[in-house]
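Reviewing the structure listed below.
The values are calculated or read from the model by the stated rules, or taken from the named source; none is laboratory data. What you see is a predicted model; the values in this text were computed from it and never measured. Here Cβ is always computed from backbone atoms with ideal geometry, including for glycine, and neighbour counts include all displayed protein chains. Quick note on the areas: whole protein, heavy atoms, side chains included, nothing else; ligands and nucleic acids left out. Shrake-Rupley method; radii C 1.70, N 1.55, O 1.52, S 1.80 Å.
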Amino acid sequence: MVTGADGQRWLFDPGSLCLELLLTGGPAESGRPELLRTPADLVGWLTESRLARTAEVHRRQVDVRPSELRRIKELRDIAWRVMTTLARGGDPAPEQLEAINDYAQDSIHPELEPSTRTVRWAPMTGEQVLGTIARDAIDVIGGSVSRLRECAGEDCSLLFLDTSRPGNRRWCSMRRCGNREKVRAFRSRTRNDDPR
Ligand SMILES: [Zn+2]
């Protein structure tokens, strides 16, 4: 769930872990409020992130230090700038991409619960979470960048991967920005049709 500046909440899946992190804040120019004030905030975000599609993330499994949270936010700022530049057809600075490489050292990993043979997450540190997010950013930038979009809605700059087959998705959500645009187009059409 995403909350807009107007307080409306809507469902939005940006399509990748790194892009999900961009919903939690960003550099000042992103205009996004900070949702990760403490390590516990980050852990809460992880439990609700797309990692939970692989296996449930339990709070007790995640150990994040304040210094690690700081680095995750540094990565978030860089990723926000790089992804926004790319979605607008620009070229990010090479130093920004090298910084993402530097963060991509470590990684969380799944493992098997021996008695049930189901998948669970191995205990994870903030450094591993940082690396996993950076690796996801590398996948997006190096692999899926042609599908990276910025929502075309007015006052909306949410970034997402367009997974529609024709690749023509324009909105973060049809029910939010798509619908607002439809209403706007309808109003301007009826205004133009009105001879007075
Ligand atoms: Zn939007």
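Glu68: closer than 15 Å to Gly126 by Cβ and among the charged types (D, E, K, R), yes or no?
Answer is yes for this residue.
Do we find a residue being in contact (Cβ under 8 Å) with a residue 60 or more places away in the chain and out of contact with any strand residue (DSSP E or B) (no Cβ under 6 Å at 6 or more places or on another chain) anywhere in the range 101-111?
no
Could you list, ordered by first residue, the pairs with Cβ atoms under 8 Å in which the first is in the range 130-156 and farther than 13 Å from Ser107 by Cα and the second is open to solvent by 50 Å² or more (accessible area, probe 1.4 Å) and hydrophobic (A, V, I, L, M, F, W, C), at least 6 apart or interchain?
Once the first residue is farther than 13 Å from Ser107 by Cα and sits in the range 130-156, its partners that are open to solvent by 50 Å² or more (accessible area, probe 1.4 Å) and hydrophobic (A, V, I, L, M, F, W, C) give Ile141/Leu97; Asp155/Ala5.
Any residue at all in the range 34-42 that's closer than 26 Å to Ser164 by Cβ and part of a loop (DSSP other than H, G, I, E, B)?
Checked the range 34-42: no residue is closer than 26 Å to Ser164 by Cβ and part of a loop (DSSP other than H, G, I, E, B).
Considering only the range 70-96, state which residues are touching an Asp or Glu at 6+ places or on another chain (Cβ under 9 Å) and among the basic types (Lys, Arg).
Arg71, Lys73, Arg81, Arg88
With the condition kept exactly as written, say whether any residue in the range 20-33 is modelled with pLDDT under 95, farther than 28 Å from Met174 by Cβ, under 18 Å from the mean Cα position of the chain (by Cα) and open to solvent by 10 Å² or more (accessible area, probe 1.4 Å).
Looking through the range 20-33, at least one residue is modelled with pLDDT under 95, farther than 28 Å from Met174 by Cβ, under 18 Å from the mean Cα position of the chain (by Cα) and open to solvent by 10 Å² or more (accessible area, probe 1.4 Å).
In the range 57-92, which residues are surrounded by fewer than 12 Cβ atoms within 10 Å (Cβ to Cβ) and assigned to a loop (DSSP other than H, G, I, E, B)?
Result: Arg88, Gly89, Gly90, Asp91.
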